[in-house]
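Reading through the structure tokens given below for one structure.
The values are calculated or read from the model by the stated rules, or taken from the named source; none is laboratory data. The structure displayed is predicted, hence computed values, not measured ones. No Cβ is skipped: glycine too gets one built from the backbone with ideal geometry, and neighbour counts run over all protein chains shown.
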Amino acid sequence: YQMLLLLLLVASCAAIPQNLSEKMFTFPQETNTAHVRLTTSRQNLPAVTVCFRFFTDLKRAHSLFSLALPSFDNAFLFYNLASLDSFQMWVRNTAANFEGLDFKLNKWQSVCATWDAASGLVQLWVDGKPSSRKFTNSGSNINGPIIIALGQEQDSHGGGFDVKQSFVGMMSDLHMWDYKLSPCEIQKYTNGRGYAKGNVLNWNSLEFQIVGRVLIENKQNACQ
Amino acid sequence: MLILFFNQMKVLLLLLMTTACAALTQDLSGKMFTFPLETNSAYVKFNTSGRDFNAITVCHRSFTDLKRDHGLFSLSTPNNANDFLIFWDNTNKEMEAHIKNKKAEYGGRDYKPNTWHSICTTWDGTTGLTQLWFNGQPSIRKFTNSGSSIGGPVNIIVGQEQDSHGGGFDIKQSLVGMMSDVHMWDYVLSACEIQNYVDERNFTPGNVLNWRALDYQIVDKVLLEHKVTVCY
């Protein structure tokens, strides 16, 4: 009975959602271990939108959001090739390259990406500005047990981290939806007000596990 | 007999004045320290009774045209020459914060010559995170070290970079230019308070070093001057 209770406690600890409103994850050093692990019970996604805000000074390539399935380590991956002013979106292990999206160092930026299995098109929005729409793959959903890592890039389902792909900086307001957000909704997210929170991942009710040195801190807001 | 008495009184008065001067704080509002020459000896020492810091914020405004490395704020303790050092690395073009000998580098700052820069640096001994605010713009928060405080009698110097507790100056790391509005707190300032400092609005002055009530000693050629203000 004691074991059962302990198991229950451990399981519930991992599963208690937290309201991270006005908070950020801080990744304060380069490692191949520090990350935030997110899971969801959702397994069959015909469309995806992911939005978050990030702040970094990295001039090397780094992963911003890494979603893996057992058969696809890059099932939905935001990969910033900062040195080349180039950005890659990976969907089900197929990449699309985006140039000239004006990512800045040392500045909070809002990024959203949309994809749907019907068209297979991926689009990025940086600080509310849309990118070109690019084809990755269509016909199959993102299907299977999902593991998401913030701070590291998965080369296997839940692992395979490379220090030279890690994220160092801060991240906030992460949301994920199982549908494509409209440009108007993305604008609302960018402005930070009045947008529908994610129905797959919701920053205001997030279940997560911190591994290694990642801190939850208050956002550093300007004087009101 | 009377002359001897007066002489003794003069000596006593002089002694009194010297000790009183050493303990006097001055309001340096509107003023700046000018370091007009490249030396390995000119500096200003700031006195504080504070010790055992678990968190630090240092803010200052500086003006220089140096195209080489230079120290901006150098705090040492008997154990560490670089317990809290703000340093411009001109080779890598980055501002560095050295906390207990651990370095955090901040590149990509537009450290223009011949213009005033407001620089604030925070360190929190509990989380171990260091952050640089350059003219009000934050950097990423970097882990340097946590778990132990900066302890012991501190020696704070502006104008030279200490390589030992109170000495070890290198002429090629000296500051030539001006320094003003130096404040130090024993806690981490919020983003809003740092903004108030940068914009020269009402802010809570330093509780370790307060530019408006500063206990300092000038060594060698450093001048205390009025900051240049615009004509109205």
Among the residues of the stretch A:169-224, the number that are in a strand (DSSP E or B), among the hydrophobic types (A, V, I, L, M, F, W, C) and within 14 Å of another protein chain (Cβ to nearest Cβ) is 5
Of all residues in the stretch A:95-123, which are assigned to a loop (DSSP other than H, G, I, E, B) and away from every other protein chain (no Cβ under 14 Å)? A:GLY100, A:LEU101, A:ASP102, A:ALA117, A:ALA118, A:SER119, A:GLY120
B:SER174 vs (1) modelled with pLDDT under 95; (2) away from chain A (no Cβ under 14 Å): all pass except (1)
Quick test of your reading of the structure: B:TRP185 fulfils all but one of (1) closer than 21 Å to B:ASN47 by Cβ; (2) modelled with pLDDT under 95. Name the failing condition by number. (2)
Go through A:ASN191, A:ASN218, A:ASN202 for me and flag whichever is over 18 Å from A:ASN19 (Cβ atoms), at pLDDT 95 or above and polar (S, T, N, Q). A:ASN191
Is it the case that some residue within the stretch B:85-93 is of a type in the set (Ser, Thr, Tyr) and without any contact (Cβ under 8 Å) to a residue 12 or more places away in the chain? no
Tell me yes or no: at least one residue of the stretch B:101-118 is away from chain A (no Cβ under 12 Å) and crowded, with 21+ Cβ neighbours inside 10 Å. no
Among what's in the stretch A:18-30 and is crowded, with 19+ Cβ neighbours inside 10 Å and part of a loop (DSSP other than H, G, I, E, B), pick the residue that is farthest from the other protein chains (Cβ to nearest Cβ). A:LEU20
Out of A:THR26, A:THR31, sole residue that is β-branched (Val, Ile, Thr), in contact (Cβ under 8 Å) with a residue 40 or more places away in the chain and within 26 Å of A:GLY192 (Cα to Cα): A:THR26
Within the stretch B:139-171, considering residues that are surrounded by 20 or more Cβ atoms within 10 Å (Cβ to Cβ) and over 21 Å from B:VAL222 (Cα atoms), the one farthest from the other protein chains (Cβ to nearest Cβ): B:VAL154
Among (1) in contact (Cβ under 8 Å) with a residue 24 or more places away in the chain; (2) small (Gly, Ala, Ser); (3) over 20 Å from A:ASN202 (Cβ atoms) - the single one A:SER172 does not satisfy: (3)
